[in-house]
Amino acid sequence: MNSVLFITDPLDGLQADIDATIGMMSATQDLGLDVWSCQPAGLIVANGKLHARAHRIRLRPRHPAGGDHRWIVDRRWYDELATAVVEVATFDLVQLRIDPPVDERYLHTTYLLDLAGTPVVNRPDGVRAMHEKLIALRFPGLCPPTFVGADVAGLREFVAGTGTAVVKPVDGFAGLDVWLVSNDHAALSLLESATHGGRRQVIAQQYLPAVEHGNKRLFLLDGEIVGAVLRRPCADDFRIGPPVAPADIDDADRAIVDALRPQLLQHGIAIAGLDVIGGRLIEVNVTCPGGMHKTDALLGTQLSHTIVSHLADSARHFEGVLT
């Protein structure tokens, strides 16, 4: 195995001190593999074959900040070594690492990557099949009480029944447009705003006070837990902040993973991040699962290297099967 292609957002827009994609690039380079990067707009299909206008890069040295979830790295965190149009099938592995939402751009990228001719992580059709915020609803016994819809009256009734709910758009990401709605005089106007006047689908989930003890991120690799970290709300914000401490893995976590594993394996979701609060499944992150690089900096773990090494071994097995 010699080279890995990362499909990414613009490199200069990534946060080199925390971004999980950069952590996996660094781990890939540490394995002695060439790191290539391509934006979705650089994908080309010609004569039935997928090509990428890609850049070969070398990452500059980095080290943990110490007692924090960040890495110390040069402002210019990489050097560009070459630019070329390369047939994607010649790469040993492709990592799909563009941030959500799964919009038109994202979906078009997955359809092109169906033609890759080499392993893609996570598998494009699997990403299309497993909606991050809705897949958990296939397992209602594992989730907090939930209402999905754009109907303001229905949402208002749900909030009245639960007392307080977290409301977020179905296609939301990165904590944007997340609302904490209580059963009070402000609920109606907040729900009207959240749904854009009843025109946008949202997810409303019962607020779980256990979040004060931490939102647990479980890192899954081929359906198995390889690490866990706690994240807590910021002092002035109910939304979840960066990792703060290691998390114990308990029976409730294992039960959640056991229930999800068949779906993850069926759809080729090699890397997933589960968000769990008080033993309840909140979200299944499959598009661009993150948090590993932050956790490695904070706790001194090697999650990025564990994931990359496993993916490299799996890709070698794939190549062996083809030959």
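Side notes on the structure shown:
- The angle between the Cα long axis of helix 152-162 and the main principal axis of the chain comes to about 80°, on a 0 to 90 degree scale.
- Ordered by the number of other Cβ atoms lying within 10 Å of each residue's own Cβ, fewest first, 24, 292 fall into the sequence 24, 292.
- Helix 303-322 and the long axis of the chain differ in direction by around 60°, with both axes built from C-alpha atoms.
- Charged side chains reduced to their Cβ positions (Lys and Arg at +1, Asp and Glu at -1) give the chain a dipole of some 240 debye around its Cα centre.
- Centroid-to-centroid separation of region 159-184 and region 4-67 [C-alpha atoms, Å]: 34
- Neighbour net charge for residue 201 - beta-carbon separation under 15 angstrom, K R +1, D E -1: -2
- Once backbone amide H atoms are built at 1.01 Å from N, residue 95 has 5, 6, 7, 121 as its partners under 5 Å, excluding neighbours fewer than 5 places away on the same chain.
- Amide H within-cut-off set for residue 214, under 5 Å, with H built and near neighbours excluded: none
- Using R0 = 30 Å, the C-beta based FRET efficiency linking residue 68 and residue 210 works out to 0.70.
- In a reduced charge model with +1 at each Lys and Arg Cβ and -1 at each Asp and Glu Cβ, region 145-207 shows a dipole moment near 60 debye about its Cα centre.
- Rg/Rg_ref, region 211-286, where Rg_ref = 2.2 N^0.38 Å and atoms are Cα: 1.08
- Axis of helix 20-30 versus longest Cα principal axis of the chain: the two differ by about 30°, to the nearest ten degrees.
- Residue-by-residue Karplus 3J(HN,Hα) for region 216-221, coefficients 6.51, -1.76, 1.60, Hz, glycine and proline x: 8, 9, 9, 8, 10, 10
- Inter-label distance for residue 137 and residue 84, nm, one decimal - labels placed 7 Å from Cα along Cα-to-Cβ: 4.7
- Given their separation in residues at 0.36 nm each and the Cα-Cα distance between them, residue 9 and residue 188 gain 60.7 nm when the chain is fully extended.
- Considering only the chain, percent of DSSP beta bridges that pair antiparallel, nearest 5: 80
- Computed FRET value (nearest 0.05) for residue 176 with residue 238, which takes r as the C-beta separation and R₀ as 25 Å: 0.95
- Surrounding net charge for residue 272, when Lys and Arg each add one and Asp and Glu each subtract one, Cβ distance under 11 Å: -3
- Packing-based exposure ordering (other Cβ within 10 Å, fewest first) of 106, 111: 111, 106
- Residue among 255, 25, 46 farthest towards the positive dipole end of the chain, charges placed on Cβ: 46
- Under the Karplus curve 6.51 cos²θ - 1.76 cosθ + 1.60, θ = phi - 60°, whole-Hz ³J(HN,Hα) for region 193-206, x wherever Gly or Pro sits: 5, 4, 8, 6, x, x, 10, 10, 5, 10, 10, 10, 10, 4
- Residues 182, 189, sorted so that the one with the fewest Cβ neighbours within 10 Å comes first: 189, 182
- Trypsin sites (Lys or Arg not before Pro) lying in DSSP loop within region 169-231, provided at most 10 other Cβ fall within 10 Å: 199
- In order along region 179-192, phi translates into HN-Hα couplings of 10, 10, 10, 9, 7, 9, 5, 8, 4, 4, 5, 5, 5, 5 Hz, rounded to whole numbers, per the Karplus curve 6.51 cos²θ - 1.76 cosθ + 1.60 with θ = phi - 60° and x for Gly and Pro.
- Neighbourhood net charge (14 Å Cβ-Cβ; Lys/Arg +1, Asp/Glu -1) for residue 66: 0
- Highest-MSF residue in the chain out of 96, 113, 81 [GNM, Cα springs under 10 Å]: 81
The numbers here are math on the coordinates, done by the rules we state, and not lab data. Here the structure is a predicted model, which means the values were calculated and not measured. With ideal geometry, Cβ positions are generated from the backbone for all residues, glycine too; neighbour counts draw on all protein chains shown.
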